[in-house]
1. In whole Å and largest first, what semi-axes does the C-alpha gyration tensor of region 159-215 yield when each eigenvalue is scaled by 5 and square-rooted?
2. How much length would be gained if the chain were fully extended between Val25 and Glu151, taking 0.36 nm per residue of separation minus their Cα-Cα distance, in nm to one decimal?
3. With angles folded into 0 to 90 degrees, how steeply does helix 152-163 sit against the dominant principal axis of the chain? Use alpha carbons for both and round to 10.
4. Considering the chain, what Rg and Dmax in Å follow from its alpha-carbon atoms?
5. How high is the relative contact order of region 10-226, given as a whole-number percent (alpha carbon pairs under 8 Å, six or more residues apart)?
6. Just order 32-44, 49-61, 114-126 by mean Cβ neighbour count inside 10 Å, highest at the front, would you?
7. For region 34-97, what does the relative contact order come out to in percent, with C-alpha contacts under 8 Å and a separation of six or more?
8. Considering region 69-154, what Rg and Dmax in Å follow from its alpha-carbon atoms?
Amino acid sequence: GTSALLSGLHVAITAGPTREAIDPVRYLSNHSSGRMGFALAEAAVALGARVTLISGPVSLATPVGVERIDVISALDMLAAAERVAPHCDWFIGCAAVADYRLARISDHKLKKQSDHGELTLNLIENPDIIATVAARRSPPWTLGFAAETRELAQYAGDKLRRKGLDMIAANDVTAPGVGFGAEDNALTLYHRSDADPEQLASHVLPTRHKRALAEALLRYAHDRYRARQPR
Ligand code: PMT
């Protein structure tokens with residue numbers, strides 16, 4: 001048979017949402033199901049990679065052959081990512097990490113403020129996990145995701161540059177039937193152009209099941225990984 005495309009590569013993938021505790025019974029989170037990240041893990045194993053999947057709280061079975069690390073909050077996810085990053089060749093950030101966490105987690109269940117009718121929560125910014133990995137002295141090849149509701153190219157391009165990533169996969173989360181929670185997805189990939197690294201090149205992966213899309217994404221990523229410029 002043919003030798004597997006990703007054999008010899010260790011791929012780390014973050015997936016799912018993070019959960020930021022408010023008090024012992026409540027949290028802030030988002031609608032990520034983990035499906036896209038788990039599909040990438042399954043496809044990467046099928047292509048011969050060694051896979052470490054760092055997953056937020058989701059209700060999905062671990063794909064066969066995948067090493068899974070379960071985390072809850074963004075700070076937990078960062079700690080897991082920092083343990084894995086020195087040992088992986090690729091780092092893929094598919095998780096929908098909460099941008100903010102509570103400045104202080106209450107030790108007791110918050111009581112209803114009956115006289116006010118409103119409640120103020122103080123939030124502080126979470127660290128950026130994939131940017132932290134990309135800023136390492138010898139970083140793995142990095143692929144981020146961008147969930148956008150408008151101006152895909154501009155916002156995704158900004159994130160690629162700001163976070164120091166090799167490639168970013170943008171989804172339009174307002175399009176029907178794709179994105180958060182859906183079975184299918186569509187992605188537009190952005191990376192620096194070979195001819196002029198100041199310019200962005202893009203590549204569209206049209207709508208299909210997340211598992212098939214994941215395989216197409218990994219095949220394209222492998223081409224980019226091989227074409228990478230030494231930094
Ligand atoms: O899980 P599913 O239901 O299948 O849905 C898939 C998805 C829509 C969640 C996925 O395809 C996706 O787009 N994931 C990224 C979602 C997101 O919220 O991205 P962002 O624009 O907030 O972040 C950009 C990039 O930085 C991402 O690679 C993200 O993982 C990373 N990030 C963001 C914030 C942070 N504190 N740390 C990070 O590493």
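1. Value: 24, 12, 9 Å, ordered largest first.
2. 41.7 nm
3. The two axes meet at around 90 degrees.
4. Considering the chain through its Cα atoms, Rg and Dmax are 18.3, 72 Å.
5. Dividing the mean separation by the residue count of region 10-226 yields 19 percent.
6. Those peptides, ordered most packed to least, come out 32-44, 49-61, 114-126.
7. It comes to 31 percent, rounded to a whole number.
8. 17.2, 55
Bear in mind that the values in this text are calculations on the coordinates, not laboratory data. This one's a predicted model, so the numbers in the text were calculated from it and none came from an experiment. Glycine gets a Cβ as well: all are built from the backbone with ideal geometry, and neighbour counts include every protein chain shown.
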